[in-house]
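**Q** Encoded as structure tokens, here's the structure I'll be asking about.
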Amino acid sequence: MASAALIDGKAFAAGLRARIAEGAAAFAHQAARQPGLAVVLVGDDPASQVYVGAKARACAEVGIASFEHRLPADTSEAALLSLIERLNQDEAVDGILVQMPLPGGLDEAAIIAAISPDKDVDGFHVLNAGRLSVGQPGFIPCTPLGCLMLLKDRLGDLAGMEAVVIGRSNIVGKPMAQLLLAANCTVTIAHSRTRDLAQVVRRADIVIAAVGRPEMVRADWIKPGATVIDVGINRLPPEEGKAKGRLVGDVAFAEVAEVAGAITPVPGGVGPMTIAVLLRNTLEAAHRHAGLPLPEGL
Ligand code: NDP
């Protein structure tokens, strides 16, 4: 019998999307146009195609206009940069998202640097990363911001809590640690070179697992009652007779749920928050672009 409360990211994301839809309708009334998100997909990576399709559908559901640009895998860097420049200038576009990973030969850092920081709704531009680290307002990467929303909803004030973030990527681990620090947690960032990871994780009131290793975090790593946020999305090899393997997180869910106070499931935890926060960031970009304040509750 699991003792942990389930943190229902799917339900929270649905509520957030409903508030975004209201905000988008009010914006359209005031600004006489919908908020707009441009999504650029280069190549035909199947997972990226699924994500881009899901983002377009999510936009449509909340009243955000989406502009899809699908380019062939052999697109040159110059052609991609010129598209981004056009989108930077386009008044109907509030947010620009370039789906990663890009095909080999395209310099991801150069592409991200070319996106206007005011339209960088993924929060990957160095200017937005810097703003987060010095505590200035800017765009915050969607996945960690979604995790923070779930944590605040569950725990309220996070001040003084011990947080351990496993993973130090620019898109999840590092911005997550910055957000927790800004929320007055005592933050440890662990990674592949951390010595005695289990011991480090055991002191955490809040554990964020963003590693990409199926079910790595075990029950005996968890302080009883801790809150566990599982960012990992890993597909196991298919069982016999099945076409697809099961999706699991970086946390051994069943056994950790026996010890933790609260835990996010995979799927249905952090995943749905990522797209909802992308919509939220786009709505914020639209309000800034139009010189309007973002409505409360977003
Ligand atoms: P990266 O591969 O960029 O980073 C993984 C991090 O985990 C690295 O910092 C790495 O350390 C660390 N790591 C690897 N092995 C170990 C280990 N044995 N012990 C401790 N740390 C380790 O991944 P991302 O940050 O992009 O993504 C992490 C996971 O989150 C993936 O499963 C991904 O699919 C998922 N994800 C989910 C999203 C969602 O919407 N739910 C969105 C984005 C990602 P080092 O730096 O030393 O190499």
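The values are calculated or read from the model by the stated rules, or taken from the named source; none is laboratory data. Every value quoted in this text rests on a predicted model; they were computed, and no experiment measured them. Quick reminder, even Gly has a Cβ in these numbers, built from the backbone with ideal geometry, and neighbours come from all protein chains shown.
**Q** Any residue at all in the range 54-66 that is surrounded by 15 or more Cβ atoms within 10 Å (Cβ to Cβ), in a helix (DSSP H, G or I) and not hydrophobic (A, V, I, L, M, F, W, C)?
**A** yes
**Q** How many residues, within the range 261-298, are in contact with a Ser or Thr (Cβ under 8 Å, 6 or more places away or on another chain) and either outside any loop (DSSP other than H, G, I, E, B) or crowded, with 24+ Cβ neighbours inside 10 Å (or both)?
**A** Qualifying residue count, the range 261-298: 6.
**Q** In addition: Residues of the range 196-232 being surrounded by fewer than 18 Cβ atoms within 10 Å (Cβ to Cβ), more than 14 Å from the ligand (Cβ to nearest atom) and either among the small types (G, A, S) or closer than 21 Å to P272 by Cβ (or both), which ones?
**A** If the condition is that a residue be surrounded by fewer than 18 Cβ atoms within 10 Å (Cβ to Cβ), more than 14 Å from the ligand (Cβ to nearest atom) and either among the small types (G, A, S) or closer than 21 Å to P272 by Cβ (or both), then A219, G225 are the ones that fit.
**Q** Also: Among the numbered criteria (1) more than 10 Å from the ligand (Cβ to nearest atom); (2) in a helix (DSSP H, G or I), which one does M176 miss?
**A** Of everything listed in (1) more than 10 Å from the ligand (Cβ to nearest atom); (2) in a helix (DSSP H, G or I), M176 misses just condition (1).
**Q** Considering each residue of the range 1-20, count those that are buried (at least 19 other Cβ atoms within 10 Å of the Cβ) and in a strand (DSSP E or B), and give that number.
**A** Residues that pass the stated criteria total 0.
**Q** So, of the residues in the range 240-260 that are within 11 Å of the ligand (Cβ to nearest atom) and in a loop (DSSP other than H, G, I, E, B), which turns out to be surrounded by the fewest Cβ atoms within 10 Å (Cβ to Cβ)?
**A** D250
**Q** If you check P103 against the conditions, is it more than 13 Å from L283 (Cα to Cα) and without any contact (Cβ under 8 Å) to a residue 60 or more places away in the chain?
**A** No: the conditions fail for P103.
**Q** Is it true that some residue in the range 105-125 is of a type in the set (S, T, Y), away from the ligand (no atom under 13 Å from the Cβ) and within 18 Å of the chain's Cα centre (by Cα)?
**A** Restricting attention to the range 105-125, the residues satisfying the condition of being of a type in the set (S, T, Y) are 116.
After this cut, where a residue has to be away from the ligand (no atom under 13 Å from the Cβ) as well, the list is 116.
Okay, now just the ones that are also within 18 Å of the chain's Cα centre (by Cα), so none.
Checking the range 105-125: not a single residue is of a type in the set (S, T, Y), away from the ligand (no atom under 13 Å from the Cβ) and within 18 Å of the chain's Cα centre (by Cα).
**Q** Which count do you get for residues in the range 147-173 that are within 8 Å of the ligand (Cβ to nearest atom), touching a residue at least 60 places away in the same chain (Cβ under 8 Å) and either in contact with a Leu (Cβ under 6 Å, 6 or more places away or on another chain) or outside any loop (DSSP other than H, G, I, E, B) (or both)?
**A** Number satisfying all stated conditions: 1.
**Q** Next question, about the same structure. Checking the conditions here, which among L102, L87 is in a loop (DSSP other than H, G, I, E, B) and surrounded by 16 or more Cβ atoms within 10 Å (Cβ to Cβ)?
**A** Details: L87 fails: in a loop (DSSP other than H, G, I, E, B).
Step by step, each of L102, L87 is checked, and only L102 is in a loop (DSSP other than H, G, I, E, B) and surrounded by 16 or more Cβ atoms within 10 Å (Cβ to Cβ).
**Q** Now for a different question. When only residues in the range 179-195 that are surrounded by fewer than 20 Cβ atoms within 10 Å (Cβ to Cβ) and farther than 19 Å from V217 by Cβ count, which is farthest from the ligand (Cβ to nearest atom)?
**A** Restricting to residues being surrounded by fewer than 20 Cβ atoms within 10 Å (Cβ to Cβ) and farther than 19 Å from V217 by Cβ, the top hit is N184.
**Q** Does G138 fit the bill of being more than 15 Å from the ligand (Cβ to nearest atom), at pLDDT 95 or above and either under 20 Å from A260 (Cβ atoms) or in a loop (DSSP other than H, G, I, E, B) (or both)?
**A** Answer is yes for this residue.
**Q** Quick check on this structure: which one of V121, V134 is hydrophobic (A, V, I, L, M, F, W, C), surrounded by fewer than 18 Cβ atoms within 10 Å (Cβ to Cβ) and at negative phi?
**A** Exactly one residue qualifies, and that residue is V134.
**Q** Please determine whether any residue of the range 186-193 is within 25 Å of A14 (Cα to Cα) and assigned to a loop (DSSP other than H, G, I, E, B).
**A** No; the residues of the range 186-193 include none that is within 25 Å of A14 (Cα to Cα) and assigned to a loop (DSSP other than H, G, I, E, B).
**Q** Cβ-Cβ under 6 Å, sequence separation 6+ or interchain: first residue in the range 75-91 and under 11 Å from K119 (Cα atoms), partner assigned to a helix (DSSP H, G or I) and not charged (D, E, K, R). Which pairs?
**A** Short answer, once both residue conditions are applied: I84/A114.
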